[in-house]
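Step one of this worksheet: look at the structure below.
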Amino acid sequence: MLVVRTMGPDNGYQIAIPTAVNIPSESFTDKDKELLAAPRRVIFHCHHSLHKGPASASHYLKTVGASEGQEVFVLEGGYAKWAETYASDLELIENATPKPEDKKRKAEVTTTVEKESSSKKRAAAVVVTQTLKPEALVSWLRDEKLKAHKDYLIVDVRPRFDGGNIATAVNIPREEFNEADKALLAAPRKLVFHCHHSLHKGPASAANYLKTVGASEGQEVYVLEGGYAKWAEVYSKEKDLVENLKKDEG
């Protein structure tokens, strides 16, 4: 298991989840990739796990890819919830830069954190969504056997449909899903979330859906690679793939 904190460089004294490594960059170095490839489980988080944590996890899956059999998660509630829950448990809180004496108990701490998975107090982890390549979505849209909003639903989380939208997409920019949203999202077999570049709000909304609502039985949840920006760049001339484009944009 590897815990990855994405909250930026350490400034002075900061506390962290034991054994966590700090990878704040959006571009993974070769050393980062080697470190991330080894464990069976990788858990990303930022302060609240609403933005940078989910985005980094999605970016890892998109640019590096999970190792065979590897599971990738986002820690529910992020470090804020962890610290609130475990502030008095010294074995579950430590400095971001471990002291020499901390290293001696690294294995013990790792075991303790693993065992917390069965505790009522544990902070839950949310499985990260898969990324979906635009060409795969094109094949769904053009497959006459597949029905939008039933077999798949495209969820655009931008504030509004600026510059058009992907055909059949619905606009759900809210951070909290209302009852109508939940009913709409629960129906299709596949959900595809995206924002402008699918780097921040898209992955965060997908993770928030899994965390607060939960996927329906057998439902697959994706984040569209490249977001609407890449889609419009490639398919703006394809009238069956883009809607609501102004004449000067198409």
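Remarks
- Top-ranked residue in region 205-234 [being free of Cβ contacts under 8 Å to residues at least 40 places away in the same chain and part of a loop (DSSP other than H, G, I, E, B); ranked as most open to solvent (accessible area, probe 1.4 Å)]: Glu217
- Hits in region 1-38 - residues which are modelled with pLDDT of 90 or more and open to solvent by 60 Å² or more (accessible area, probe 1.4 Å): Met1, Thr29, Asp30, Lys31, Lys33, Glu34, Leu35, Ala38
- Any hit, region 166-178, residues being at pLDDT 85 or above, more than 27 Å from Asp240 (Cβ to Cβ) and not charged (D, E, K, R): yes
- Test result for Gly214, in contact with a Phe, Trp or Tyr (Cβ under 8 Å, 6 or more places away or on another chain) and either under 27 Å from Cys46 (Cβ atoms) or at pLDDT 95 or above (or both): no
- From Lys237, Lys190, residue being more than 16 Å from Ser58 (Cβ to Cβ), open to solvent by 70 Å² or more (accessible area, probe 1.4 Å) and basic (Lys, Arg): Lys237
- Conditions (1) closer than 16 Å to Met1 by Cβ; (2) surrounded by 22 or more Cβ atoms within 10 Å (Cβ to Cβ); (3) not acidic (Asp, Glu); number of the one not met by Cys46: (1)
- Restricting region 139-165 to residues that are within 21 Å of the chain's Cα centre (by Cα) and in contact (Cβ under 8 Å) with a residue 60 or more places away in the chain, the residue that is surrounded by the fewest Cβ atoms within 10 Å (Cβ to Cβ): Arg158
The values are calculated or read from the model by the stated rules, or taken from the named source; none is laboratory data. The structure presented is a predicted model; accordingly, all values stated were derived computationally and were not measured. All Cβ positions, glycine included, derive from the backbone under ideal geometry; neighbour counts span all protein chains shown. With ligands, DNA and RNA removed, areas are computed over all heavy atoms of the protein, side chains included. Shrake-Rupley method; radii C 1.70, N 1.55, O 1.52, S 1.80 Å.
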